[in-house]
2 protein chains.
Amino acid sequence: MVTPSTNRLRALFPILGWAPAYTRAEATSDLIAAVIVTIMLVPQSLAYAMLAGLPPQAGLYASILPLLAYAVLGTSRTLAIGPVAVISLMTAAAVSQVAAVGTPEYLTAAITLAFLSGLILIAMSVLRLGFLANFLSHPVISGFITASGLLIAASQLRHVLGITAEGDTLPRILLELAQGLNGTNAYTLVIGTSAIAFLFWVRKNLKPLLVRAGLSQRPADLIAKAGPLAAIGLSILGVVAFGLDGKGVRIVGDIPAGLPPFALPSFNPSLWLQLLPAALLISLVGFVESISVAQTLAAKRRQRIIANQELVALGGSNIASALSGGFPVTGGFARSVVNFDAGAETPLAGAYSAFGILGATLFLTPLFKFLPQAVLAATIIVAVLSLVDVTAIKRAFTYSKSDFAAMAATIALVLGVGVEAGIVTGVALSLLLFLWRTSTPHVAVVGQVPGTEHFRNVDRHKVLTEPGILSMRIDESLYFANARFLEDTIYDMVAGQPELRHVVLMCPAVNAIDASALESLEAISDRLHAAGVQFHLSEVKGPVMDRLKRSDFFDHFKGKVFLSQFEAIQFLKENAPAAVETPG
Amino acid sequence: MVTPSTNRLRALFPILGWAPAYTRAEATSDLIAAVIVTIMLVPQSLAYAMLAGLPPQAGLYASILPLLAYAVLGTSRTLAIGPVAVISLMTAAAVSQVAAVGTPEYLTAAITLAFLSGLILIAMSVLRLGFLANFLSHPVISGFITASGLLIAASQLRHVLGITAEGDTLPRILLELAQGLNGTNAYTLVIGTSAIAFLFWVRKNLKPLLVRAGLSQRPADLIAKAGPLAAIGLSILGVVAFGLDGKGVRIVGDIPAGLPPFALPSFNPSLWLQLLPAALLISLVGFVESISVAQTLAAKRRQRIIANQELVALGGSNIASALSGGFPVTGGFARSVVNFDAGAETPLAGAYSAFGILGATLFLTPLFKFLPQAVLAATIIVAVLSLVDVTAIKRAFTYSKSDFAAMAATIALVLGVGVEAGIVTGVALSLLLFLWRTSTPHVAVVGQVPGTEHFRNVDRHKVLTEPGILSMRIDESLYFANARFLEDTIYDMVAGQPELRHVVLMCPAVNAIDASALESLEAISDRLHAAGVQFHLSEVKGPVMDRLKRSDFFDHFKGKVFLSQFEAIQFLKENAPAAVETPG
């Protein structure tokens, strides 16, 4: 029986909705998808852990429990959770502020960051604050991801060259690379550059080649996705065969095999306070990335994503990551698309991947000991360069200067100052520019199109105007930020026209009038009245009118409200002498 | 000859515009107004200096040079500049954070605050940032002024009781008053309460009484305005006659006679940094108060106020105040109205008042020595209680819950935490609520009103809908904060209707589409297309359409754009079979 409480339980645990009807066919599809995703996820887990400044096993741990948590809590059938490049970069930026790389404190801080970020996501769900993510505009997110991609790629070059460097802004990274060129390890360089070349070749040419060789799309795709794993295998063989680790090639080293540990975050309040801004940004960026992917994929199959439940699912995944020695995770774009294309039907595909990664953690870690860091860096570089979206920059530039400004500021600050400064500035700037735009709305003096009841901008059309009557239209909701603008505009127009008797404000585009604007309308009415001019409104929308009627506005308002501008002009022309009053 | 450079000079120094045509009649009017304003300003200057925690002469100084500066720079003919209650309270709150009352550092900090605030105002003018003041919504400003009035009145009760207290939040002030009641000085209490009673009586009853006694309006008004001066005079006589200063009645004490000193602000960078937030808030609040008054009065005579030049004028006045030992000033409401009503014609009325205050500074200060602080407190209490506007609170409550929320938060925080916390929270909350409202706009499913070409909300009207076609209208500009909302809403609607073939979005209230919303529209179009549904737009505004055409939107957009919703439905009905495609 479906009672309200079962419904509530099902809303909180979507797995209860689909699991009872799970079929063998779905299980087969999910398993196939899981194999492909696992093959992709193993190298990524190791690489993103390195990017976050953490030991490689942390990446594996972050790809086990979080996937199980999402399978139980998530509303997307195909989203693949785990460590992703941008969030790993943000983790490194935040955690390196409070602890030194390689120390136990660094690991604890990363775990705490994941835990905090999980709590924030769940709190956002409970407080219905998911809408906050909307304030990350597309150009800001896109600029942020592009700049992060560049920054990550540049930062990984040090591993390809085999030099030590610590810079975390583009100018410093480039400077350090230039200074460190002498210290390049030749073996590392060869391994790193061949890995990059190989991975680019696989990405671009392998699949078409296999298809031409007679393979069908699906297995060709699967083999191409295994490129990074092949690079890893080959490079390990190379290192072992030629003893390259003794020749200065840095390797991953011992990775403890075994189940993910049970870990606890730090509950030190001062650490929480230090990590809070970063945790908030990671939550927001992670949520935006994750839900965008989820929506894209769900829409293709007409499935529903419930944003508020996604916050819970992502929050749960991050807490699961923290409790098992991982770091912040989110839904990854590339791997979710792979999961979808490979035919995943339910979140169990993710759970199966988790078991795949668990298998790797239990049995494959000894193999990764001799994996050169340069190869991990190469997989990162090849992956993140696809994040760089020059077209989006061009589009923003062509379409909207203010969107472009927010995007450019984000990119410049991410590269030059840091990820947090970049995204915060981008968000602040886009909000400010939006407020600025709505605070100086488009206002047109309008006249009647001859022979019609339509009124159009006098500057754009040949229209008739009535002496003594000023018709104007404002194309924006009226609220505090443009209330004074409206007053100023009207007073300015009236100041120059002593013969004026009526001002009619057309409001077809006014979707709301707040208390400030209401007072401004009253002030305009009163002041114009005192100067012998009557102030009227026309074409006020139903809901706006309802609200005005609820207030005492019409007790004071000295003008009229006309259903249409045409009606207003007709009335004022006919009643001109009566309507003209001397100042009070 | 009027050259461009003379024009620029006149814009910067409006005095050059009106002074050459100054007439004897205007001079007479200005002089009369100046006498009345001076009578009002002398007690206010002393009182607001006390409120700001400064020696009384600082109030006089702040009422001399700033008035001259405004006469040269201001665009309002009748604005009366000087110390005002709310800004004095903000000064006390800010300066007491960095120095102890009564120390030379306190005075220097107040001077520095005025200087900084002047620089900020001028910078706002140069950078055209005056629009920032628009973000102080009416309810926030009104709540701020009401709460400040209550806080000031409560804080002055200590002087009426003759007890020492230092609290600067309402709970602390009330607690200290309760604890200090035992220490009440009886003489002080008698003087203070009779002054309050007298001032309230004068304010309410004196003018009607005089008019009934046969005086005409103007002189009756003038005499009533002199009430505070009379209270001061009578109380000084009382103190001297009965030697009350020896009986625990605190008096103003020695005030140095003479010209305002030449003072310099501190140029200590850390002090500047500490005072910066307060200076910014004082600038914004002062500017909003001042320009509202200026606009109100100017509109009555159809004169123009140039907002950007007002920033310069107010900035110049504050710098003038700083350089002559004063503290932050702005245009006062009550005294400007008095100036206007008394017939002031040009800013020279203000300059004449400055000379009046200068006279008082040079010759009357010995008289003020025996002035009881309780009487100054009484004039403040009576003045600020008129700032408390309960009607505005009720109106906000009735009209708009979000405006009321911002107002209530402002009031609560000003009273409970402090003036700065209050106004910052109020502004942040009103911006957030505005963004929240526009991020969840009104969306209606619409249908055709039978027999017309109009489309209305299906929930509010009896309308016709077409099977397989979803018509919806969104009542807001589309931008980053509601882009996802739009996507979610449309996907949700589509998810439940497998028979759906077309979605038409009516856009008559969409005043702008930013880059984020553009991408959302593309995503909606693509995803619906993939699900076998065509997405169309109708009634897109001219400027919005222009911008869409400038982008590559129509290269990808799979639907159509119809001039009207009626046309859309007609077309889709006729072409239904052709328009239905299978997922791509």
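For the range A:468-493, give me each residue that is closer than 15 Å to B:K541 by Cβ and either over 34 Å from the mean Cα position of the chain (by Cα) or without any contact (Cβ under 8 Å) to a residue 12 or more places away in the chain (or both).
Within the range A:468-493, just A:R473 meets the criteria.
Take the residues of the range A:514-534 that are more than 9 Å from every other protein chain (Cβ to nearest Cβ) and within 45 Å of the chain's Cα centre (by Cα): which is surrounded by the most Cβ atoms within 10 Å (Cβ to Cβ)?
Restricting to residues being more than 9 Å from every other protein chain (Cβ to nearest Cβ) and within 45 Å of the chain's Cα centre (by Cα), the top hit is A:L521.
Does A:G447 count as crowded, with 18+ Cβ neighbours inside 10 Å and under 30 Å from A:G149 (Cβ atoms)?
Against the criterion (crowded, with 18+ Cβ neighbours inside 10 Å and under 30 Å from A:G149 (Cβ atoms)), A:G447 does not qualify.
Residues checked against (1) open to solvent by 30 Å² or more (accessible area, probe 1.4 Å); (2) more than 14 Å from chain B (Cβ to nearest Cβ); (3) touching a residue at least 24 places away in the same chain (Cβ under 8 Å):
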residue: A:F131; (1), (2), (3): yes, no, no
residue: A:P139; (1), (2), (3): no, no, yes
residue: A:S142; (1), (2), (3): no, no, yes
residue: A:A147; (1), (2), (3): no, yes, yes
residue: A:L150; (1), (2), (3): yes, yes, yes
residue: A:A154; (1), (2), (3): no, yes, no
residue: A:I163; (1), (2), (3): no, yes, no
residue: A:T169; (1), (2), (3): no, yes, yes
residue: A:R172; (1), (2), (3): yes, yes, no
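Within the range A:98-109, count every residue that is in a helix (DSSP H, G or I) and either touching a residue at least 40 places away in the same chain (Cβ under 8 Å) or surrounded by 17 or more Cβ atoms within 10 Å (Cβ to Cβ) (or both).
Selection size over the range A:98-109: 4.
Going residue by residue through the range B:157-167, is there one that turns out to be in contact with a Phe, Trp or Tyr (Cβ under 9 Å, 6 or more places away or on another chain) and part of a helix (DSSP H, G or I)?
Within the range B:157-167, none of the residues are in contact with a Phe, Trp or Tyr (Cβ under 9 Å, 6 or more places away or on another chain) and part of a helix (DSSP H, G or I).
Here is a yes/no grid of residues against (1) under 18 Å from the mean Cα position of the chain (by Cα); (2) not in a loop (DSSP other than H, G, I, E, B):
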site: B:F404; (1), (2): yes, yes
site: B:T410; (1), (2): yes, yes
site: B:E420; (1), (2): yes, yes
site: B:V424; (1), (2): yes, yes
site: B:V427; (1), (2): yes, yes
site: B:L431; (1), (2): yes, yes
site: B:W436; (1), (2): no, yes
site: B:K462; (1), (2): no, no
site: B:E466; (1), (2): no, no
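Can you say whether A:T91 is among the polar types (S, T, N, Q) and open to solvent by less than 20 Å² (accessible area, probe 1.4 Å), as far as the supplied structure shows?
yes
Filtering the range A:471-480 down to residues that are within 14 Å of chain B (Cβ to nearest Cβ) and not in a helix (DSSP H, G or I), which residue is most open to solvent (accessible area, probe 1.4 Å)?
This residue is A:R473.
Here are A:G343, A:G447, A:G426, A:G356: which of them is on the phi > 0 side of the Ramachandran plot and either in contact (Cβ under 8 Å) with a residue 24 or more places away in the chain or within 13 Å of another protein chain (Cβ to nearest Cβ) (or both)?
Selected residue: A:G343, the only one of A:G343, A:G447, A:G426, A:G356 that is on the phi > 0 side of the Ramachandran plot and either in contact (Cβ under 8 Å) with a residue 24 or more places away in the chain or within 13 Å of another protein chain (Cβ to nearest Cβ) (or both).
Identify all residues within the range B:273-298 that are touching a residue at least 40 places away in the same chain (Cβ under 8 Å), open to solvent by 60 Å² or more (accessible area, probe 1.4 Å) and hydrophobic (A, V, I, L, M, F, W, C); write none if there are none.
Selection gives B:L276, B:L280.
Residue by residue through the range A:535-559, note down the ones that are closer than 27 Å to B:I305 by Cα, crowded, with 18+ Cβ neighbours inside 10 Å and either among the β-branched types (V, I, T) or more than 10 Å from every other protein chain (Cβ to nearest Cβ) (or both).
The answer is A:F535, A:H536, A:L537, A:F557, A:G559.
Taking A:A71 as the residue in question, decide whether it is in contact with a Gly (Cβ under 7 Å, 6 or more places away or on another chain), part of a helix (DSSP H, G or I) and over 30 Å from A:Q373 (Cα atoms).
Yes: the conditions hold for A:A71.
Considering only residues of the range B:29-57 that are at pLDDT below 90 and more than 28 Å from the chain's Cα centre (by Cα), which is farthest from B:I111 (Cα to Cα)?
Among them, the one singled out is B:S29.
One line per residue, one yes/no per condition, for (1) crowded, with 19+ Cβ neighbours inside 10 Å; (2) under 17 Å from A:P543 (Cβ atoms):
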position	(1), (2)
B:T438	yes, yes
B:P441	yes, yes
B:G451	no, no
B:H454	no, yes
B:N457	no, yes
B:P498	no, no
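Would you check if B:T112 is more than 14 Å from chain A (Cβ to nearest Cβ) and open to solvent by 40 Å² or more (accessible area, probe 1.4 Å)?
Criteria not met by B:T112.
Of all the helices (runs of 4 or more DSSP H) wholly in the range B:14-62, which have at least 1 residues that are of a type in the set (F, W, Y), out of contact with any His (no Cβ under 9 Å at 6 or more places or on another chain) and crowded, with 24+ Cβ neighbours inside 10 Å?
Here the list reads B:24-51, B:56-61.
Give the residues of the range A:481-513 that are facing chain B (nearest Cβ under 10 Å) and either on the phi > 0 side of the Ramachandran plot or among the hydroxyl-bearing types (S, T, Y) (or both), sorted by residue number.
A:Y491 - this is the single residue of the range A:481-513 that is facing chain B (nearest Cβ under 10 Å) and either on the phi > 0 side of the Ramachandran plot or among the hydroxyl-bearing types (S, T, Y) (or both).
If I filter the range A:195-208 for residues that are assigned to a helix (DSSP H, G or I) and of a type in the set (V, I, T), do I get at least one hit?
yes
For residues that are of a type in the set (S, T, N, Q) and farther than 10 Å from B:L73 by Cα, scanning just the range B:299-319, find the one that is most open to solvent (accessible area, probe 1.4 Å).
My answer is B:Q303.
The values are calculated or read from the model by the stated rules, or taken from the named source; none is laboratory data. The structure presented is a predicted model; accordingly, all values stated were derived computationally and were not measured. Cβ coordinates were reconstructed from backbone atoms using ideal geometry, including for glycine residues, and neighbour counts include every protein chain displayed. Please note that ligands, DNA and RNA were not included when accessible areas were found on the heavy atoms of the full protein model with its side chains. Shrake-Rupley method; radii C 1.70, N 1.55, O 1.52, S 1.80 Å.
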